[in-house]
Amino acid sequence: MTQTLSIVDLRSDTVTRPTPEMFAAIQEAALGDDVLGDDPTVKELEALCARMVGKEAAMYVPSGTMSNQIALATHCRPGDAVILEEDAHILFYEGGSPALIAGVVTWTLPSDHGAMDPADIKRRLLKRSDHNPETSLVCLENTHNRAGGAVIPMDLMRDYRDLADLEGFKIHLDGARVFNAAVALGRPVSAITSLVDTVSVCLSKGLRSPVGSLLCGSAAFIQDARLWRKRLGGGMRQAGILAACGLVSLTKMVDRLADDHRRARVLASHLNGLPGLSVDLDRVQTNMVLLETTGPAKEFVDRMAAEGVLFFPVAENRARLVLHADIDDDNLAQAKSAFTRVTTNWRRP
């Protein structure tokens, strides 16, 4: 009899499954029509998230990509300039939407693990003229995906706010994993989000919801953003079925992110001691591990997949592993054993 290989899925924290409590919440959810503005569960979720991040209002949308792109389109006029970090999710993983939807010019800056230098931002700012676009928006990402879940330090967040107030631009935070940042810093999430004008919060990553993000900002901004949600087809009818899961995410799933961070550090320490692999342990701040390989990362990823451990290569000699709620200590032990087996015979130059 063939034994089924147990899979440890470290590709992303988007692969989590809803909890039994979420399924129960779906069955009990009060429903309306959110396009008509009367789904009570959606309204409850929006109000809760707005309170948590310290904003006047929030809007439920199907995805973080839609949330980010609505933010750009609402903040900016076509032809405006937007400053982003050069590896930002908005640039890499959202299908060129800033050009297609908001019609903006994107200016990129290098960073220290996702954190741009405020002095670089200031040098890049443009004022509207007969020749120049105006820099109307700066986008931040916290935690930063391609930087391995890096957290932007609070002093830099305050510097960005001070610069925006001085120069007159707005700040949008791609906060898909901003609750991870808050847990890592030991601060309420509002300590981070109070320093930006708008924030996108994802419920379907470490917080375990099956679908959904929230765009949060001033009441006037969110009212304008609802038109863009309509234009992009993001209005949903009895969306309270999904929003019910989001309520569980925000009330029950935030504190447990610390477990993902702990397991990421345990895994990183193990990997850093194996032949042909290395990890910058100082950069394992939240639930992600960036793994450097002496051989081709794609080859190593394929070998690990054959052992039942899934993750992605992100560069020629780099792979990314993501810890999440569906990885417990037993799964972690299984993954560590598989890494040890494979690296015993790993081809090294």
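The values are calculated or read from the model by the stated rules, or taken from the named source; none is laboratory data. Predicted model only: the values in this text are computed from it and were never measured. So basically every Cβ, Gly included, is an ideal-geometry build from the backbone, and we count neighbours across all protein chains shown.
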What's the number of the condition Val61 fails, among (1) surrounded by fewer than 20 Cβ atoms within 10 Å (Cβ to Cβ); (2) of a type outside the set (Lys, Arg); (3) under 16 Å from the mean Cα position of the chain (by Cα)? (1)
Please state which of the following conditions Glu86 fails to meet, knowing it meets all the rest: (1) charged (D, E, K, R); (2) within 18 Å of the chain's Cα centre (by Cα); (3) crowded, with 17+ Cβ neighbours inside 10 Å. (3)
Could you tell me which of the residues Met59, Met22 is closer than 24 Å to Leu195 by Cα and among the hydrophobic types (A, V, I, L, M, F, W, C)? Met59
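Keeping to the range 231-264, report how many residues are farther than 19 Å from Ala325 by Cβ and β-branched (Val, Ile, Thr). Step through it out loud before you land on a result.
Let us first name the residues in the range 231-264 that are farther than 19 Å from Ala325 by Cβ, namely 231-241, 243.
Of the ones still in play, those that are also β-branched (Val, Ile, Thr) are 241.
Residues flagged as farther than 19 Å from Ala325 by Cβ and β-branched (Val, Ile, Thr) within the range 231-264 amount to 1.
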Looking for whichever is crowded, with 24+ Cβ neighbours inside 10 Å, part of a loop (DSSP other than H, G, I, E, B) and of a type in the set (Ser, Thr, Tyr) here; the options are Ser200, Ser209, Ser249. Which one fits? Ser209
Scan the range 255-279 for residues that are under 23 Å from Val178 (Cβ atoms) and in a loop (DSSP other than H, G, I, E, B) and jot them down. Asp255, Arg256
Residue that is in contact with a helix residue (DSSP H, G or I) (Cβ under 8 Å, 6 or more places away or on another chain), modelled with pLDDT of 95 or more, aliphatic (A, V, I, L, M) and part of a loop (DSSP other than H, G, I, E, B), where the choices are Ala319, Ala325, Ala335: Ala325
Consider the range 107-161. How many of its residues are on the phi > 0 side of the Ramachandran plot and either touching a His at 6+ places or on another chain (Cβ under 8 Å) or hydroxyl-bearing (Ser, Thr, Tyr) (or both)? 3
Confirm whether Leu48 is in contact with a Lys or Arg (Cβ under 9 Å, 6 or more places away or on another chain), closer than 22 Å to Thr143 by Cα and of a type in the set (A, V, I, L, M). no
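Does Ile171 count as in contact with a helix residue (DSSP H, G or I) (Cβ under 8 Å, 6 or more places away or on another chain), assigned by TED's automatic domain parsing to the domain that holds His113, closer than 18 Å to Asn287 by Cβ and not in a loop (DSSP other than H, G, I, E, B)? So that I can check it myself, show each step before the final result.
On the way: in contact with a helix residue (DSSP H, G or I) (Cβ under 8 Å, 6 or more places away or on another chain): yes; assigned by TED's automatic domain parsing to the domain that holds His113: yes; closer than 18 Å to Asn287 by Cβ: no; not in a loop (DSSP other than H, G, I, E, B): yes.
Considered against the rule, which asks whether it is in contact with a helix residue (DSSP H, G or I) (Cβ under 8 Å, 6 or more places away or on another chain), assigned by TED's automatic domain parsing to the domain that holds His113, closer than 18 Å to Asn287 by Cβ and not in a loop (DSSP other than H, G, I, E, B), Ile171 comes out as no.
Only one of these is over 22 Å from Ala333 (Cα atoms) and within 21 Å of the chain's Cα centre (by Cα): Asp224, Asp260, Asp255. Name it. Steps first, please.
Numbers: Asp224 fails: within 21 Å of the chain's Cα centre (by Cα); Asp260 fails: over 22 Å from Ala333 (Cα atoms).
Being over 22 Å from Ala333 (Cα atoms) and within 21 Å of the chain's Cα centre (by Cα) holds for just one of Asp224, Asp260, Asp255, which is Asp255.
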Restricting to the range 27-47, count the residues that are buried (at least 18 other Cβ atoms within 10 Å of the Cβ) and assigned to a helix (DSSP H, G or I). 6
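So is Gly295 farther than 12 Å from Ala264 by Cα, touching a residue at least 12 places away in the same chain (Cβ under 8 Å) and in contact with a helix residue (DSSP H, G or I) (Cβ under 7 Å, 6 or more places away or on another chain) or not?
Details: farther than 12 Å from Ala264 by Cα: yes; touching a residue at least 12 places away in the same chain (Cβ under 8 Å): yes; in contact with a helix residue (DSSP H, G or I) (Cβ under 7 Å, 6 or more places away or on another chain): no.
Spelling it out, it is not the case that Gly295 is farther than 12 Å from Ala264 by Cα, touching a residue at least 12 places away in the same chain (Cβ under 8 Å) and in contact with a helix residue (DSSP H, G or I) (Cβ under 7 Å, 6 or more places away or on another chain).
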